[in-house]
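Novice: Okay, handing you the structure first.
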């Protein structure tokens with residue numbers, strides 16, 4: 001069974017037929033916008049690297065893990081060599097600025113790379129993956145000197161980057177962080193404190209590691225208003241840009257984790273480490289959101305990766321595994337039993353994985369388009385609209401896609417039966433690796449509060465209306481298309497209900513603020529199901545049009561329509577339960593007194 005095969009046909013459909021990526025890129029004021037031929041070439045080369053180099057190392061990374069000895073971290077066999085191939089091919093520089101050695105290709109291509117690399121080996125992909133957020137933060141908030149000092153080597157990939165937020169006593173509540181930064185005579189800062197859960201915080205794959213660190217100045221106000229942001233390199237960089245002495249930031253230990261064993265998740269101790277302020281004093285959290293939003297969209301891709309990988313492995317197994325006979329008669333009469341793909345319940349599991357993987361890809365690539373517009377468009381109105389759409393869709397993509405990615409990874413084990421529970425097939429690793437995606441970069445609950453509280457209710461529904469208006473326009477455009485009515489009717493109904501449920505929660509929250517927290521996760525999942533319904537309806541519309549063409553790949557487009565039908569009839573109805581639970585209110589959650597929670 002193959003480790004991973006990049007789904008080039010599916011990627012091509014989403015890019016060029018559903019979202020019109022070639023026209024999208026040509027519409028932006030880019031000096032050399034890539035055409036379809038160039039895009040396909042890039043994707044094909046990325047697929048070869050992922051399939052031939054990274055995928056075979058996925059199980060190796062899981063079995064060996066990273067090794068820690070006296071603060072030195074060694075990555076699994078083959079990881080370092082694969083990274084060297086990665087930088088020699090120029091992949092790290094692809095979407096970054098030419099003045100720092102980048103290739104100036106659109107940011108959306110990074111999304112494609114993240115999917116292909118992440119599906120092949122998510123733990124490996126985290127090493128260069130976090131560097132992109134580091135670079136974006138430096139480019140957006142750094143001084144010219146800081147950019148010149150750090151970006152050329154980060155863009156080249158010879159240095160990597162991290163984000164350092166979490167501390168032992170505080171996770172999401174960053175207002176509680178204790179790491180201190182004190183101004184020194186030379187204008188630098190001495191940082192003291194401990195950070196935990198730092199992905200790729202120490203390793204042997206790059207010459208230097210640039211940590212982006214949240215810390216508090218001595219006279220800072222309490223809470224999140226008193227947080228500043230600092231650059232803390234593993235090795236001090238001299239005026240000539242050369243690496244100098246080792247900084248006083250050291251890996252105290254590696255976390256013993258459920259999954260992603262191939263990535264070094266570190267405890268980092270800052271013992272008077274030299275750091276440099278980035279951005280204004282006490283405005284560090286706002287600056288760090290540049291990094292965090294990049295990471296959240298990256299984590300959404302992780303959900304897609306686990307759904308896709310689980311589906312690929314499940315499908316291959318279901319075609320080969322012989323068990324029992326079909327209830328409607330033997331489908332493999334020459335064999336002792338039928339392949340399990342003939343059984344309805346196996347079909348249910350396969351189609352669920354397929355629908356979440358392909359639907360998640362549509363959402364992720366659409367978000368990547370909006371990111372392009374915010375970065376490159378010279379139309380202020382278009383940029384503002386894209387920013388608003390991204391603000392709404394980022395928490396939906398991060399949380400919904402990781403939740404459904406985990407569900408898909410779990411279904412893969414179920415498809416394999418007992419064989420899925422043992423290591424040799426790789427599906428239990430896929431499940432373990434996927435579980436972290438719902439936790440880091442803000443848990444599902446945190447994303448849900450961000451969506452409902454900050455993005456929707458705080459804007460009095462205006463941010464939501466921007467997206468629901470798009471859905472409404474799509475439904476209106478297809479109102480007379482008889483073949484689309486099975487999709488349009490349900491989508492239109494849910495789109496209207498989305499607004500009604502939002503108003504219901506908003507009014508309830510005026511009486512009791514806990515109503516927001518009580519409804520938030522269900523609201524986010526509801527939003528995710530409706531969002532994917534929109535993209536599946538669009539996919540069905542494209543497929544129906546293509547089927548009318550003489551030279552169409554009829555099997556491919558018919559599969560799109562059947563998967564859309566499955567999504568609308570089997571997955572979208574989950575919203576019925578979510579509406580009931582949202583409207584049930586906070587009372588059933590908060591009525592039980594704290595002291596009555598007991599196990600004895």
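Novice: How high is the FRET efficiency between residue 72 and residue 316 when r is their beta carbon distance and R₀ equals 25 Å, given to the nearest 0.05?
Specialist: On the way: r = 40 Å, r/R0 = 1.58.
It comes out at approximately 0.05.
Novice: Right, something else. Counting other beta carbons within 10 Å of each residue's own, what order do 560, 331, 9 fall into, fewest first?
Specialist: Values: 560 23, 331 14, 9 10.
Least crowded to most crowded, the residues run 9, 331, 560.
Novice: Over the Cα atoms of the range 288-450, each weighted equally, I'd like the Debye log10 I(q)/I(0) at q = 0.19 Å⁻¹, rounded to two decimals.
Specialist: Debye output, listed in q order: -1.07.
Novice: Now a separate question. Only residues of the range 128-163 count here: report those whose backbone N is under 13 Å from the spot 7 Å along Cα→Cβ of residue 207, or say none.
Specialist: In the range 128-163, the label zone of residue 207 (backbone N under 13 Å from the point 7 Å along Cα→Cβ) covers 150-160.
Novice: Could you work out, for the range 401-548, what percent of all Cα-Cα pairs fall into each 5 Å distance bin, beginning at 0 Å and stopping at the bin that holds the largest distance?
Specialist: Reading the bins upward from 0: 2, 9, 15, 14, 13, 14, 13, 11, 7, 3, 0.
Novice: May I pose another question? Please compute the Kirkwood hydrodynamic radius over the range 54-145, one decimal place, Å, based on all pairs of different Cα atoms.
Specialist: On the way: mean 1/r = 0.0685 Å⁻¹.
It is 14.6 Å.
Novice: On a full-extension model of 0.36 nm per residue, what is the gain between residue 569 and residue 8, subtracting their alpha-carbon distance, rounded to one decimal in nm? The partial results should precede the final answer.
Specialist: Working: separation 561, 0.36 × 561 = 201.96 nm, distance 2.73 nm.
This chain segment gains 199.2 nm when fully extended.
Novice: So if the hydrodynamic radius of the range 457-513 is defined as the Kirkwood radius over C-alpha pairs, what does Stokes-Einstein give as its diffusion coefficient at 4 °C and 1.567 mPa s, in µm² per second?
Specialist: Numbers: Rh = 12.5 Å.
This corresponds to a translational diffusion coefficient of 104 µm²/s.
Novice: I've got another one for you. Rg(Cα) of the range 186-280 divided by 2.2 N^0.38 Å? Intermediate results must be reported in sequence, preceding the final value.
Specialist: Values: Rg = 14.2 Å, N = 95, 2.2 N^0.38 = 12.4 Å.
This ratio for the range 186-280 stands at 1.15.
Novice: Run the simple label-point estimate for residue 172 and residue 31 please: 7 Å along Cα→C-beta, distance reported in nm.
Specialist: 4.4 nm
Novice: Still on this structure, please answer the following. Taking 1 over the mean of 1/r across every pair of different Cα atoms in the range 461-588, what Kirkwood radius in Å do you get?
Specialist: Values: mean 1/r = 0.0632 Å⁻¹.
Taking the inverse mean of 1/r over all distinct Cα pairs, the range 461-588 comes out at 15.8 Å.
Novice: Same structure, new question: What is the Rg over Rh value, at two decimals, for the range 251-300, using alpha-carbon atoms and the Kirkwood definition of Rh? Could the numbers behind the result be given before it?
Specialist: Values: Rg = 14.7 Å, Rh = 13.8 Å.
Ratio of gyration radius to Kirkwood radius: 1.06.
Novice: Under the 0.36 nm per residue contour assumption, what length would be gained going from the current alpha-carbon distance of residue 334 and residue 256 to full extension?
Specialist: Numbers: separation 78, 0.36 × 78 = 28.08 nm, distance 4.92 nm.
This chain segment gains 23.2 nm when fully extended.
Novice: Here's something else I'd like to know. If we count other beta carbons within 10 Å of each Cβ, what is the order of 104, 500, fewest first? Could you put the intermediate results ahead of the total?
Specialist: Numbers: 104 14, 500 9.
If I rank by nearby Cβ atoms, fewest first, I get 500, 104.
Novice: Additional query: Taking the alpha-carbon centroid of each part, what is the distance from the range 41-107 to the range 169-186 in angstrom?
Specialist: Spelled out, the Cα-based centre of one part sits 32 Å from the other.
Novice: To continue, here is another question. Could you line up 301, 561 from fewest to most neighbouring Cβ atoms inside 10 Å?
Specialist: Numbers: 301 33, 561 21.
The most exposed by this proxy come first: 561, 301.
Novice: Another question, if that's okay. First check a/c for the range 126-194, with a ≥ b ≥ c the square roots of the eigenvalues of its C-alpha gyration tensor; if it is under 1.5, answer rounded, and if not, answer prolate when a/b is larger than b/c or oblate otherwise.
Specialist: Values: a/c = 2.36, a/b = 1.29, b/c = 1.82.
Oblate is the answer for the range 126-194, as a/c is 1.5 or above yet b/c matches or exceeds a/b.
Novice: So how far apart, in nm, are the two label points at residue 556 and residue 104 if each is 7 Å from Cα heading toward Cβ?
Specialist: 3.3 nm
Novice: Full-extension gain between residue 325 and residue 41, please, as 0.36 nm times their residue separation minus the C-alpha to C-alpha distance.
Specialist: Details: separation 284, 0.36 × 284 = 102.24 nm, distance 4.41 nm.
Going from the current span to full extension adds 97.8 nm.
Novice: Another question, then. Could you grab the relative contact order for the range 415-571? Cα pairs under 8 Å, six or more apart, rounded to a whole percent.
Specialist: Details: 98 pairs, mean separation 32.5, N = 157.
Relative contact order of the range 415-571: 21 percent.
Novice: Let me ask something else. What does the helix-only formula give at 222 nm for the chain: each DSSP H stretch with n ≥ 4 adding -39500 (n - 2.57), the total divided by the residues, and the result rounded to the nearest 500 deg cm²/dmol?
Specialist: So the helix-based figure for the chain works out to -17500 deg cm²/dmol.
Novice: Provide the descending list of Cα extents for the chain along its principal axes, expressed in whole angstroms.
Specialist: Principal-axis extents of the Cα atoms in the chain, largest first: 80, 65, 59 Å.
Coordinate-derived values only; no laboratory data. Everything quoted here is computed from the prediction, not taken from an experiment. Virtual Cβ from ideal backbone geometry, glycine too; neighbours counted across all protein chains shown.
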